[in-house]
Amino acid sequence: MTYLPNVLFAVVLIAAIGYFAKNVGRLRRNINLGKDVDVSDNRKERWQNMVRIALGQSKMVVRPVAGLLHIIVYVGFIIINIEVLEIIIDGLLGTHRVFAPLGAAYDFLIGSFEILAFLVIVSVVAFWIRRNVIKLRRFLKPEMKGWPKKDGNLILYIELVLMLLFLTMNAADYQLQQLGAEHYTKAGAFPVSQFMAQLMEGMSISSLVILERAAWWLHIVGILFFLNYLYFSKHLHILLAFPNTFYGRVTPKGKFKNLEAVTAEVKLMLDPNADPFAAPAEDAAEPDKFGASDVRDLNWVQLLNAYTCTECGRCTDECPANQTGKKLSPRKIMMDTRDRLEEVGKNMDQDKGEFKDDGKQLLDDYITREELWACTTCNACVEACPVSIDPLSIIMDMRQYLVMEQSAAPTELNNMMSNIENNGAPWPYNQMDRLNWVNE
Amino acid sequence: MSELKVKTMEAFMAEGKQPEILFWVGSAGSFDDRAKKISRAFVKLLNKANVDFAVLGTEESCTGDVAKRAGNEFLFQMQAMMNIEVLNGYEIKRIVTCDPHSFNTIKNEYPELGGNYEILHHTQYLKELMDAGRLQIEGETFKGKRITFHDPCYLGRANSVFEAPRQALEKTNATLVEMKRHKRTALCCGAGGAQMFKEPEKGDMDINVMRTQDALETNPDIIATGCPYCNTMMTDGIKAHEKEDKVTVLDVAELLANS
Ligand code: SF4
Ligand code: SF4
């Protein structure tokens, strides 16, 4: 009988980790639906980017208030996880505060966890106020209606509850230590929860034990729940920010990729000696389509981008098209890509990994042409993103599909392009007049 | 206006000579009425500094940049490869241009297609000439005037060139004032991504009007630009704000040429 809690704990832990692993598998599969792209270059710079941008949060502090609050929650989250390690060992072995023999170091650790937990609570409340009371413009955009808004708040509630449970657990423990209860050896420093303990004055040892155990269990179950919540939430960024900043852009933002398949074709056209009937070389195989109309036409880094997006809206906030009331929102581009990718993934799950045509695609069913044509390619969104996401590359791939597969550019752009074709300038001037400006 | 000395690459070739640098004029600089003035101002400075430069003249063609940003990769690569053939044929090593879009595409997108050149934005090259003492600027005309510089997206954010245009402007002895959003966070003028050639999508304001508002908040006498398209956009923005008699929009080259 005495082993019941340990067994129960092991079962809960294994179930939680198992379910998480299953979703990670799904995540990998979905990201790999994207086309291959070579990211083996600039290893050193990539590591540096990851350390600086993801670990060092260098882009977050561009906005100092949100940046500071975010760093507190982030540091708190990482450090308090050391405590989770102790909780897991205790849960499995039936020990209590197994790290207590560390003595003064232990006191220091628990003391800092408590202070961090308190700061996290303050920050989470501030974040909640920013989202719900101050009503910052970027949290009110149309794409934030419904689940995204709920998701944002839910994360804050979960974090708040977890921190409160952690402090309650410590408070009850502290009170039990004061009363000299069996098992509750004197260990740890409780700079925050000792004040909460005052509220527990006069409670009996048995009810304190129940309170302490309840808080302990709810806390660890809550953490395991949160872990599994990630896959369904924008909060996935706490994991994916690392690979995403690693695989992010290492070239100047103005450099757009050149389509290799097109290069081969153009070379053939410009080469007077080329045999027009020669079989195309193997490596120049014509792709089944130019540009992207659905998620599987994008590359896997773009799909990783979509899962990493934390919906903060910094990109949209800086977007000139969005600021002037156009429908385009780079955040929505990322959210749509993720939603569509999830839809494709679920479709495949239903049929043993085979995708059954559902008559839908990313273009038109999620992202409209009006949005795509409003982009000035200014790169403000790319610059603003704190986790190195590139919404512009998706916009460009989709424009490419519209123009090269569907000839569906706006009329004025078609005129501009035929001018270039006919006379080498976007306007209808004669190429022979190119030097007239000198004598005007 | 005094005569400009402009020689084509063909003429250099005929003499069996190589120029110091090739001036890539670009389609706007060749055909757009406003941008032609910028080309002329830049050449005036090149002449003043006795730079032995060439242009391609009728052998130059659109870089294809705008076709690429519009989604037409095929047309872009056609243009790029034709230009590269001409440039490589003349063994061009160094290029300067007044257009950040040409600058960007030649710098970043031409190399993979076989075009490897050192390319400079005209503000970088002018700075180089002034530093080397080849180009002297008196700095009288604009002394004490307030100038604010609008960063072109394809020069600034896209290629991290922020200082050269500002350092070049310092030589005018004007007072440089920065807009609230500048350098990395500068707002686009609204022309990029082929927007220059189409009507904007439905919205509640035009981007150039918003950007001009940013500039007007600095209370400037002059808005300085480094891109022919930005120049048009900001000029139109000034008109929309009905400030044409108070504020002028001039390219860095024009400011230096008249200093
Ligand atoms: S690149 Fe396009 S989507 Fe991104 S900020 Fe600029 S206009 Fe908006
Ligand atoms: S793309 Fe980046 S900046 Fe935009 S909402 Fe997502 S995480 Fe935020």
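The values are calculated or read from the model by the stated rules, or taken from the named source; none is laboratory data. A quick note: this is a predicted structure, and the numbers were derived from the prediction, not measured. Reconstructed Cβ throughout: ideal geometry from the backbone, glycine too, with neighbour counts over all protein chains shown. The accessibility values were calculated without ligands, DNA or RNA, using every heavy atom of the protein model including side chains. Shrake-Rupley method; radii C 1.70, N 1.55, O 1.52, S 1.80 Å.
Separation of the range A:148-227 from the range B:201-221 is 54 Å, based on Cα centroids. Rolling a 1.4 angstrom probe over the protein heavy atoms with all chains in place gives the protein assembly as shown an accessible area of 44 Å² per residue.
Our helix-only sum for chain B, with -39,500 (n - 2.57) per DSSP H run of n ≥ 4 divided by its residues, gives a mean residue ellipticity at 222 nm of -11000 deg cm²/dmol.
Summarise the accessible area of the protein assembly as shown (1.4 Å probe, protein heavy atoms) by the percent that is carbon and sulfur. Kindly include the intermediate steps, with their values, before the conclusion.
Details: 17790 of 30430 Å².
Using a 1.4 Å probe with all protein chains present, the protein assembly as shown comes out at 58 percent carbon and sulfur.
Given a 1.4 Å probe and the protein chains as shown, B:SER259 ends up with an accessible area of around 20 Å². Using only alpha-carbon positions in the range B:137-258, the gyration tensor eigenvalues give semi-axes of 23, 16, 12 Å once each is multiplied by 5 and square-rooted (largest first).
Measuring only protein heavy atoms, the 1.4 Å probe finds B:LYS17 accessible over about 110 Å².
Over all directions, the average projected area of the alpha-carbon convex hull for chain A comes to how many nm²? Over every viewing direction, the Cα hull of chain A projects on average to 30.2 nm². Mean sequence separation of contacting Cα pairs (under 8 Å, at least six apart), scaled by the length of chain A, corresponds to a relative contact order of 19 percent. For chain B, the relative contact order comes to 19 percent (Cα pairs under 8 Å, sequence separation of at least 6).
Burial of accessible area (probe 1.4 Å, heavy atoms of protein chains only) in the range A:293-332, relative to its chain alone, reaches at least 10 Å² for A:GLU318, A:PRO320, A:GLN323, A:THR324, A:GLY325, A:LYS326.
Cross-link partners of A:LYS346 among lysines, defined as those whose alpha carbon lies under 17 angstrom from its own and excluding same-chain residues fewer than eight positions apart: A:LYS22, A:LYS356, A:LYS360.
The calculated FRET efficiency for A:ASP288 paired with A:LYS257, based on their beta-carbon distance and R0 = 22 Å, is about 0.75.
Taking the inverse of the average 1/r across all pairs of different Cα atoms in the range A:322-440, what Kirkwood radius in Å do you get?
Working: mean 1/r = 0.0578 Å⁻¹.
Over the range A:322-440, the inverse of the mean reciprocal pair distance is 17.3 Å.
Of the residues in the range A:403-436, those shielded by at least 40 Å² of accessible area once partner protein chains are present, compared with the chain alone at a 1.4 Å probe, are A:MET404, A:GLU412, A:LEU413, A:MET416, A:MET417, A:ILE420, A:PRO426, A:TRP427, A:TYR429, A:GLN431, A:ARG434, A:LEU435.
Using a Debye calculation, one point per C-alpha and no hydration shell, please list log10 I(q)/I(0) for the range B:7-129 at q = 0.23 Å⁻¹ in order. After summing over all Cα pairs, the log10 values are -1.51.
Sorting A:LYS255, A:LYS149, B:LYS68, B:LYS36 by accessible area (1.4 Å probe), largest first, what list results? Please report the intermediate quantities before stating the final value.
Values: A:LYS255 55, A:LYS149 90, B:LYS68 5, B:LYS36 25 Å².
Order by accessible area, largest first: A:LYS149, A:LYS255, B:LYS36, B:LYS68.
Ignoring lysines fewer than eight residues from B:LYS143 along the same chain, the ones with Cα atoms less than 28 angstrom from its Cα are B:LYS36, B:LYS37, B:LYS44, B:LYS48, B:LYS127, B:LYS171, B:LYS180, B:LYS183, B:LYS239, B:LYS243, B:LYS246. Whose amide H sits under 5 Å from the amide H of A:LYS35, counting only residues 5 or more places off or on another chain, with H placed in the peptide plane? Distant-sequence amide H within range of A:LYS35: A:LEU298, A:ASN299, A:TRP300. Each residue, A:SER407 and B:ALA240, gets one label point 7 Å from its Cα in the Cβ direction; the gap between the two is 3.4 nm.
Within a 10 angstrom radius of each residue's Cβ in A:243-256, how many Cβ atoms of other chains show up on average? Whole number is fine. Write down the numbers at each step before the final one.
Working: counts 0, 0, 0, 0, 0, 0, 0, 0, 1, 9, 9, 18, 9, 10.
The per-residue average across the peptide is 4.
Stokes-Einstein D for the range A:4-246 at 37 °C, 0.692 mPa s, Kirkwood Rh over Cα pairs, in µm²/s? Stokes-Einstein gives a translational diffusion coefficient of 162 µm²/s. Each eigenvalue of the Cα gyration tensor of the range B:35-106, multiplied by 5 and square-rooted, gives one semi-axis; in descending order these are 25, 15, 9 Å.
Helix-only arithmetic for chain A: the sum of -39500 (n - 2.57) across DSSP H runs with n ≥ 4, divided by the residue total, places the mean residue ellipticity at 222 nm at -18500 deg cm²/dmol. Rounded to whole numbers, the Karplus 3J(HN,Hα) couplings from phi for the range A:383-390 are 5, 6, 5, x, 10, 6, 8, 10 Hz, using 6.51 cos²θ - 1.76 cosθ + 1.60 with θ = phi - 60°, and x at Gly and Pro.
Remark: accessible area buried at the A-B interface is about 5800 Å², both chains counted, probe radius 1.4 Å. For A:LYS135, a cut-off of 22 angstrom between C-alpha atoms picks up these lysines, skipping any fewer than 8 places away in its own chain: A:LYS145, A:LYS149, A:LYS150, A:LYS234, A:LYS326, A:LYS327, A:LYS332. Histogrammed with a bin width of 5 Å, the alpha carbon distances of chain B distribute as 1, 6, 13, 18, 19, 17, 12, 8, 4, 1, 0, 0 percent, first bin at zero. Under the criterion of Cα pairs below 8 Å and six or more residues apart, the relative contact order for the range B:137-258 equals 32 percent.
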